[in-house]
Amino acid sequence: MKWMIGIFITIVVGIILPLYFYLANKAELKYTISSTMAIETSAGEQNWQLITLSNAGNKEANRIKIKIDKKILDYKIIPFLQTDKYEGKLSAKTLDVEYSSLPPQGMIEIRLSVPAMENITNSNVNIVHDSGVANQATTKDEILAYILLILWLIIPVAFIGISVLSAILYAQYQLKADSHNPYKALGILKKKKPFLLSQKKWDEIRVDAVENAFPEKSFHQEKYRKFLNEDKPVYLSLNEYEQLVDSTSKKYANTFWEDTWVGFDDDAIDGITDRFKTKHPKNLTSKCEKDIEAETINIFKMSFFRGLYRVYSPEQIEAKYNKIAKSLLPETVKRNCQKTLSDYYQYSLARTILDLGYIENFDTIYNPEILVEDVERLEHLVYKVNMAFISDLTQNKNIEKLTKSPKPNWMNELDYIKLKTIAEKILNLDKLLEETDAKKLKVSKDILDAKKVTEDFENKVKIINSELQIIDNLLKDPPSIRKVEEHSNPFAKSNFENLLKISEILLKNE
């Protein structure tokens, strides 16, 4: 019985399967990569290469997807027919091309421009279609298959052993290729080990399949969420499940904000809040959750500063602050967004103080929950501005306020006595010239002090304007952030590092 089973397996593996693979009606995509050719352009020297893709099978290949993992400067697609449908998407690090279909003997070309000193190799190219994976033309597997066929015709006994080995290698190659295909890797994990494949090779294939189980695209967010909300599937070991949870969590975090537009002003808060209406999947790793929150904070800051084409009033800042406090955002995100508003709140209050000119009670114009720093400094500014205003004793209303009304609550006793004495002397017309000169001197000093405080805040305005200019340049030209000199960089180190990360994200999404 064992011999009969062995003979049956030998016939199937050694004869029927090779005939099936070679004679079956199927599409077979082959591609070649030309050597590099240096060309001088207006942008400098570039390398040009040509990828040729042809259908060597006897069946039409549909839904062809070509991915080139390399920085591509420019490309051009030469279709088989002018009526063929195709689309190319170029990003900072990859080129993705989707081609509708290619008939037998059909051929397309992709002309590529890459930076000087770089070239595209087979390891950078991945081509799949609805019924398989494209291979490089004249691959080692084809040569091996022809040799096996000849040996089978000449030496039947040797062919049996080589055929079995060939089947193992082919299965291993196909499984290995599928394990690197994001659209087939999950299916590999659901399979049982082929009986002809060693456990070591099978384990290696499953490791690759775990890493590539889901494509990293934003429109797969629901797939990530579904998997991360489920318990461990029976077809995964505990170690595989933990690795797949980790890799899927990273893809979920990396694409969480991809293709999501967040405007400025109140739209920023609404847009960010809407994204958090659906809870994260229960098995999402804590590190990836923190990464999402960090990116959310960066997006809010970028959106907030992008909206500073005008000066926000303290009331507007307070409204935004309270809106964030009532939102469903994570506490870490809330605190950081509110910290951004609090930092700007000081500048907004200073502008309001200077605009009002006289404030009877500073406590009535600010929210102590938002203004947690520089309160004394702003109170000092209020005092200087008030003193500059009330010290103008050329105004009858100021003289009456000092001589006929109780001391203002904000004024200290010594300044009040001095000003009141001057005001009384003016009323009595005693030593009018002397007192007037003294008054002018005091007014001038107070005004200079007030101007000095004003200049300090205007210096802050210059810093903010410099920051806004850098952020504006970043949004228009992401690489410009790297041109900022250290001596002219107004940002704190951590904030500037965040801007560098934003530049990388913008370049990636181009």
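The values are calculated or read from the model by the stated rules, or taken from the named source; none is laboratory data. All values reported here derive from a predicted model rather than from experimental measurement. A quick note on method: Cβ atoms are made from the backbone with ideal geometry, for glycine too, and the neighbour counts reach across all protein chains shown.
What the table shows:
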| read-out | value |
| --- | --- |
| Test for Phe304: is it of a type in the set (Phe, Trp, Tyr) and either under 24 Å from the mean Cα position of the chain (by Cα) or on the phi > 0 side of the Ramachandran plot (or both) | yes |
| Residue in region 474-495 that is free of Cβ contacts under 8 Å to residues at least 24 places away in the same chain, of a type in the set (A, V, I, L, M, F, W, C), outside the structural domain of Val385 (by TED's automatic domain parsing) and not in a helix (DSSP H, G or I) present | yes |
| Options Asn398, Asn361, Asn409: the member that is on the phi < 0 side of the Ramachandran plot and either modelled with pLDDT under 75 or in contact with a Leu (Cβ under 7 Å, 6 or more places away or on another chain) (or both) | Asn361 |
| Filter pass, Phe457 being within 30 Å of the chain's Cα centre (by Cα), surrounded by 13 or more Cβ atoms within 10 Å (Cβ to Cβ) and part of a helix (DSSP H, G or I) | no |
| Residue ranges of helices (runs of 4 or more DSSP H) in region 313-393 with at least 1 members under 40 Å from the mean Cα position of the chain (by Cα), outside the structural domain of Glu424 (by TED's automatic domain parsing) and closer than 30 Å to Lys277 by Cα | 314-325, 331-356 |
| Residues being more than 13 Å from Gln174 (Cα to Cα) and β-branched (Val, Ile, Thr) - total across region 197-216 | 2 |
| Residue check, Ala325 surrounded by fewer than 18 Cβ atoms within 10 Å (Cβ to Cβ) and out of contact with any Asp or Glu (no Cβ under 8 Å at 6 or more places or on another chain) | yes |
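Matching residues to (1) surrounded by fewer than 18 Cβ atoms within 10 Å (Cβ to Cβ); (2) closer than 30 Å to Ile324 by Cβ; (3) aromatic (Phe, Trp, Tyr):
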| site | (1), (2), (3) |
| --- | --- |
| Ala185 | no, no, no |
| Lys200 | yes, no, no |
| Val210 | no, no, no |
| Pro233 | yes, no, no |
| Trp257 | no, yes, yes |
| Arg275 | yes, yes, no |
